[in-house]
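Below is one structure, written out as structure tokens; the observations come after it.
Here, each number is a calculation from the coordinates, and none is a lab measurement. Keep in mind the model is a prediction, meaning the values are calculated, not measured. Cβ placement follows ideal geometry from the backbone for every residue including glycine, while neighbour counts extend to all protein chains displayed.
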Amino acid sequence: MDKRFANIFSLTEDEAIALLDTPPSELKPGDSRYIAASHLINFPTDQAIAALIRAVELEDGSLDTRIVQRKAVESLGRLRARSALGVICQCLNSDDVYTVENSVWAIGEIGTEDPAVLEAIAQLLPQPDQPYRVIIQTLSKLDYPQSLDRIRPFMDNGDEPTASAAIATVSRFTGEDALMEGVVEFLQHSSVNARRLSIQDLVDAGYTPAIAPISQCPVSIVFRLRGIRLLAAKAMGAGTLTFEMLEPILDATVRDHPATLNLVHEYDQLPALEFALQELYQTDFGRCYLATQTLVESFQHQAGPAVIASFRDQGYNAYGAHYHLIKVLGWLRYAPAYELFVEALHNPEPQFQKSRAAAAIALGELGDQRAVAELETALDSPIWDLKYAALLGLKTLGAMGILTRAAAGDDPLLQAKVAAIAPSREAPV
């Protein structure tokens, strides 16, 4: 579990438990039982789990208590607290759909083979207004094929993420691999949510033919790289994929030029420079990539100063746009952005992690040999995509002499990449 953002409340375990146990009517201004329930995922102890269970069992009818209950169920799921399974199962009967959703998800995280529990989850499917996607995912994860006939109707559901999960689950339960192409099609859907979640369904199904289509899906590189690496590990373990086959896909994904993506949006006419810049702040990365392509191809001579100005005005603190602004400046090979790239390369804040890899690629594009020393330091980072991007940046700069040390202790993909760049070393994959 990624806990980079978890321990931010400066509470001890005892303080969090005491706060969670405080009756709502006795809370002081600024106190938050919700924060306490969130914070207790940092403490996998019997007393923390017991406190979360008490929060789930508390019923006073207030919205605040219900919200805390939802979070407590989620935290118990993250802690994989088997002792809480009974009380969480009782929440499947809640009239609050969000509590039901968290409860189904938590049961999936904790795990169970109890047919009574699995059937209770499956019986939610015919009921109206339920969290169908989570229900279907959980029934698949916990391997309950007895729910197959109840899942089939959702393959044509109007909610694309629900349909995607249903198709993947039916394929798994029946062995009909051809059905998975229906999930692959969602990678090009106009809805960014459908695109993102279809990647998760392809990973959950272990559908390795989707590696290349995932690499071309216009969503955040975080979703694509995770999907590619998980599926590649399975395919390479089965002997159906080699690093030589995977390398161009990984390179293109880490470089992340919009020309290597299948964009799902388009402009009716060439937009103004200012409009394209603002599109980099969209939450749908498909629109960001279209704007990047437009700025690089149609405004290459005037975009640089405007991108810098946008960065200084608001982009420096908007981590999604931050990434795309760095990428645009890199593809423009805008030399005045050198110091900005170096700053981004060494930014320690976790929300700007993908910008570090973007800066590594951008520094390579500039062709400035000063960047060699900067990129060399990135090889000591534990961040996988940053290391891979640094290798690409150093290769672009022709600085391959120091690469062999980057393989020591790294995962097989990074070792193989070093060997591919420095042919004197034998690739281990």
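Brief remarks on what is shown
- Paired Rg and Dmax values of the range 95-179, which use every Cα atom, in angstrom: 11.9, 38
- Rg and Dmax of the range 14-173, based on Cα coordinates, read 16.7, 52 Å.
- Cα coordinate range in the range 143-290, projected on the principal axes (Å, largest first): 55, 40, 19
- Here the peptides 26-33, 381-388 are ranked by packing, the mean other Cβ count within 10 Å, and the order with the highest first is 381-388, 26-33.
- Gain in span if fully extended, residue 114 to residue 57, counting 0.36 nm per residue against the direct Cα distance: 18.3 nm
- Shown in residue order for the range 220-231 are the 3J(HN,Hα) couplings computed by the Karplus curve 6.51 cos²θ - 1.76 cosθ + 1.60 at θ = phi - 60°: 3, 4, 4, 5, 5, 5, 4, x, 4, 5, 5, 5 Hz (x for Gly and Pro).
- Comparing 163, 272, 48 in a Gaussian network model of the chain (Cα springs below 10 Å), the most mobile by mean-square fluctuation is 272.
- 3J(HN,Hα) from dihedral phi, the range 324-340, Karplus parametrisation 6.51/-1.76/1.60, rounded to Hz, x for glycine, proline: 5, 5, 4, 4, 4, 4, x, 5, 6, 6, 8, 4, x, 8, 3, 5, 5
- Those lysines that a straight Cα-Cα span of less than 24 Å connects to residue 417, excepting residues fewer than 8 apart in one chain: 234, 327, 354, 387, 395
- The GluC sites (Glu not before Pro) found in the range 285-372 include none that occupy coil by DSSP while having at most 11 further C-beta atoms within 10 Å.
- For the residues 256, 114, 380, a GNM of the chain with alpha-carbon springs under 10 Å puts the largest fluctuation on 114.
- With the convex hull drawn around the C-alpha atoms of the range 311-384, the volume per residue stands at 78 Å³.
- Using a Förster distance of 25 Å, the FRET efficiency for residue 150-residue 177 (Cβ separation, nearest 0.05): 0.70
- Convex hull (Cα only) mean projected area of the chain, reported in nm² to one decimal: 23.5 nm²
- Per-selection Kirkwood Rh - the range 231-372 (Cα, Å, 1 d.p.): 16.0 Å
- Candidate lysines - alpha carbon under 19 Å from residue 71, same-chain residues fewer than 8 apart omitted: 3
- Candidates 371, 390, 165, ranked by Gaussian network fluctuation over the chain, Cα under 10 Å, top entry: 371
- Taken along the Cα-to-beta-carbon direction at a fixed 7 Å, the label points for residue 302 and residue 27 span 5.3 nm.
- Residues 62, 147 arranged by fewest to most Cβ contacts within 10 Å: 62, 147
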